[in-house]
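J.: Here it is, the structure in full.
The values are calculated or read from the model by the stated rules, or taken from the named source; none is laboratory data. Since the model is a prediction, treat every value here as computed from it, not as a measurement. FYI the Cβ positions are ideal-geometry reconstructions off the backbone, even for glycines, and counts take in every protein chain you see. What goes into the accessible areas is simple: the full protein's heavy atoms, side chains included, and nothing from ligands, DNA or RNA. Shrake-Rupley method; radii C 1.70, N 1.55, O 1.52, S 1.80 Å.
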Amino acid sequence: MRVTVFGCGYVGLVTGACLSELGHDVECIDIDADKVATLQSGIVPFYEPGIDTLLQNKNLSFSTTATAPDLCIIAVGTPLAENGSADLSQVFGVADLIAAMEKPPKAVVMKSTVPPGTSAKIAAQTGLETISNPEFLRQGSAVQDFMQPDRLVIGASSPRGFALMEQLYAPLNLPAERIVNTSTTSAELTKYAANVFLTTKLAFVNELALYCETVGADIDEVTKGIGLDTRIGNQFLQAGPGIGGSCFPKDIRALAFQSKALDHQLEIVQAVIASNDTHQNAMLQKIVDMCGGMVTGKRIAIFGVTFKANTDDLRNSVSTVFIPALQDLGAKITATDPMGAENGKTVFTGVDWVENPYEAAKNADVVVILTEWDLFKALDLARLAQAMHVPRLVDLRNIFDVQKAVQAGFDYDSIGRAGSIKG
Ligand code: UGA
């Protein structure tokens with residue numbers, strides 16, 4: 001099939017590159033001419049394992065203007081507007097371009113995350129069948145997630161629409177039970193439901209972790225105990241510094257906004273947003289407490305600024321909240337991140353960047369783990385402790401064993417685990 005993907009951001013680029021790998025003729029369109037030129041020269045503007053080799057596919061091209069495809073896929077951003085709604089201006093802008101095409105495509109496919117009801121509006125705007133086909137890719141494993149998806153969700157309004165999508169994804173050879181055919185509105189809500197459900201799970205685990213500290217339980221033991229129940233499952237149960245990334249924080253707020261606007265407030269969704277804010281504040285307080293209650297004049301070494309490992313993305317990362325907050329309280333910040341330093345330099349001011357974690361720990365009053373990079377998990381704790389005058393470690397990903405950290409000489413705090421020694 002001849003496919004045009006509008007938007008060369010994360011979702012669009014991964015989708016376009018993977019569809020070309022499946023044998024389709026794909027052109028990826030972006031209004032940013034510099035980005036298009038970068039992609040044409042084979043350079044991926046962000047870090048994502050496996051995507052660079054796909055860019056060499058001969059049946060994949062990049063341009064600022066579209067030709068005449070069979071399918072148009074919309075994969076532009078839907079950022080949060082100031083009022084908390086999903087800003088759909090880019091989506092409607094692309095729909096205008098499609099509506100003006102001399103030779104209209106057979107259908108429009110909506111990959112962007114859009115509030116329920118949007119695809120129907122795009123169908124009305126373009127006069128074309130609009131299929132909702134949300135993406136469930138995770139940054140850091142996006143190519144694998146595309147090629148071996150847990151499921152495909154396809155929302156269409158006619159047998160022809162479903163048949164077109166069957167043709168598009170046929171090379172994946174997915175068993176029928178992993179393809180969920182729905183209405184467009186159900187497909188759109190499925191995307192929000194998945195992200196909000198996962199966010200709810202994480203917010204609950206984070207709350208539970210702090211409750212463990214109150215009652216003297218251990219979150220790792222508790223999550224192991226509940227995770228073996230197959231109805232609960234053992235994934236997405238890792239306590240952390242707070243939920244970040246370009247999707248979860250945005251999507252949960254957009255759904256909260258829509259539900260409020262429709263006068264059908266989703267109470268759990270509201271509670272999860274508040275719970276995550278409370279949790280982040282509690283995590284920040286752990287850092288302050290480890291510094292003896294005051295961070296003024298203290299040097300804090302932040303290990304990891306990206307919102308999770310295996311990405312260079314800092315969007316809605318807790319580092320973007322914690323670093324300015326600590327600076328406002330008078331702390332000096334050293335930061336180290338194997339992939340995020342380049343972006344970090346454009347996001348933060350007044351931060352000293354160091355490549356080597358042991359160097360970063362030198363002269364620091366406290367080391368704070370914010371991202372669960374393998375590089376940090378493999379650190380020699382005794383060597384790290386020796387680099388510091390007074391070894392203090394706040395591990396907000398629970399990547400170290402409590403006893404080992406204490407044996408290495410650290411005042412050590414993590415989340416919801418027994419045996420920590422606090423500064
Ligand atoms: C998320 C979803 O997992 C994807 O399925 C979805 O397609 C994507 O959003 C999207 O809507 O585009 P992603 O944002 O790449 O993917 O990141 P996740 O791996 O889901 O992590 C999100 C946040 O949860 C991160 O801050 C991460 O550190 C945190 N997390 C995740 C935990 O704190 N604990 C866990 O056990 C798992």
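J.: Looking at (1) under 25 Å from I226 (Cα atoms); (2) over 16 Å from the mean Cα position of the chain (by Cα), which is the only condition L284 fails?
T.: (1)
J.: As an exercise: evaluate T334 against (1) outside any helix (DSSP H, G or I); (2) under 20 Å from the mean Cα position of the chain (by Cα) and give the number of the one condition it does not meet.
T.: (2)
J.: T113 fails exactly one of the following numbered conditions: (1) open to solvent by 20 Å² or more (accessible area, probe 1.4 Å); (2) touching a residue at least 12 places away in the same chain (Cβ under 8 Å). What is the number of that condition?
T.: (1)
J.: Within segment 221-229, is even one residue more than 16 Å from L255 (Cα to Cα), at pLDDT 95 or above and within 10 Å of the ligand (Cβ to nearest atom)?
T.: The answer is yes, given that some residue of segment 221-229 is more than 16 Å from L255 (Cα to Cα), at pLDDT 95 or above and within 10 Å of the ligand (Cβ to nearest atom).
J.: Within segment 17-43, how many residues are closer than 15 Å to G77 by Cα and either open to solvent by less than 50 Å² (accessible area, probe 1.4 Å) or of a type in the set (G, A, S) (or both)?
T.: The total comes to 3.
J.: For G240, state whether it is touching a Phe, Trp or Tyr at 6+ places or on another chain (Cβ under 6 Å), outside any helix (DSSP H, G or I) and open to solvent by less than 30 Å² (accessible area, probe 1.4 Å).
T.: no
Residues are listed down the side, and each one gets a yes or a no for (1) in a loop (DSSP other than H, G, I, E, B); (2) in contact (Cβ under 8 Å) with a residue 60 or more places away in the chain:
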| residue | (1), (2) |
| --- | --- |
| I73 | no, yes |
| N83 | yes, yes |
| V91 | no, no |
| S119 | no, yes |
| Q125 | no, no |
| F146 | no, yes |
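J.: Out of Q167, Q270, which single residue is in a helix (DSSP H, G or I), surrounded by fewer than 20 Cβ atoms within 10 Å (Cβ to Cβ) and in the same structural domain as T130 (by TED's automatic domain parsing)?
T.: Result of the check over Q167, Q270: Q167.
J.: Now for a different question. Which members of segment 27-50 meet the condition of being in contact with a helix residue (DSSP H, G or I) (Cβ under 8 Å, 6 or more places away or on another chain) and in contact (Cβ under 8 Å) with a residue 60 or more places away in the chain?
T.: F46, E48, P49, G50
J.: For E135, state whether it is in a loop (DSSP other than H, G, I, E, B), in contact (Cβ under 8 Å) with a residue 24 or more places away in the chain and within 13 Å of the ligand (Cβ to nearest atom).
T.: So E135 passes the test.
J.: Moving to a separate point now. Within segment 303-333, how many residues are in contact with an Asp or Glu (Cβ under 9 Å, 6 or more places away or on another chain) and within 13 Å of L396 (Cα to Cα)?
T.: The qualifying residues number 6.
J.: Output the number of residues of segment 370-387 satisfying the condition of being within 16 Å of the ligand (Cβ to nearest atom) and either closer than 17 Å to I300 by Cα or loosely packed, with under 15 Cβ neighbours inside 10 Å (or both).
T.: Matching residues across segment 370-387 total 5.
J.: Now for a different question. Among T336, T311, T346, T320, which is the only one that is away from the ligand (no atom under 16 Å from the Cβ), in contact (Cβ under 8 Å) with a residue 24 or more places away in the chain, closer than 30 Å to V143 by Cβ and hydroxyl-bearing (S, T, Y)?
T.: T336
J.: Only one of these conditions is not met by V288: (1) over 23 Å from L379 (Cα atoms); (2) open to solvent by less than 10 Å² (accessible area, probe 1.4 Å). Which number is it?
T.: With (1) over 23 Å from L379 (Cα atoms); (2) open to solvent by less than 10 Å² (accessible area, probe 1.4 Å) applied to V288, the lone miss is (2).
J.: For segment 388-419, what are the residues that are surrounded by fewer than 24 Cβ atoms within 10 Å (Cβ to Cβ) and among the acidic types (D, E)?
T.: If the condition is that a residue be surrounded by fewer than 24 Cβ atoms within 10 Å (Cβ to Cβ) and among the acidic types (D, E), then D401, D411 are the ones that fit.
J.: Turning to a different aspect of this structure: Criterion first (among the hydroxyl-bearing types (S, T, Y) and in contact with a strand residue (DSSP E or B) (Cβ under 7 Å, 6 or more places away or on another chain)) does S41 satisfy it?
T.: Taking the combined requirement at face value, the residue does not satisfy it.
J.: Which numbered condition trips up M290, out of (1) within 11 Å of the ligand (Cβ to nearest atom); (2) in contact with a Lys or Arg (Cβ under 8 Å, 6 or more places away or on another chain)?
T.: Unmet condition: (1).
J.: Would you check if there is a residue in segment 175-185 being more than 14 Å from the ligand (Cβ to nearest atom), of a type in the set (D, E, K, R), touching a residue at least 24 places away in the same chain (Cβ under 8 Å) and not in a loop (DSSP other than H, G, I, E, B)?
T.: Yes: segment 175-185 contains one or more residues that are more than 14 Å from the ligand (Cβ to nearest atom), of a type in the set (D, E, K, R), touching a residue at least 24 places away in the same chain (Cβ under 8 Å) and not in a loop (DSSP other than H, G, I, E, B).
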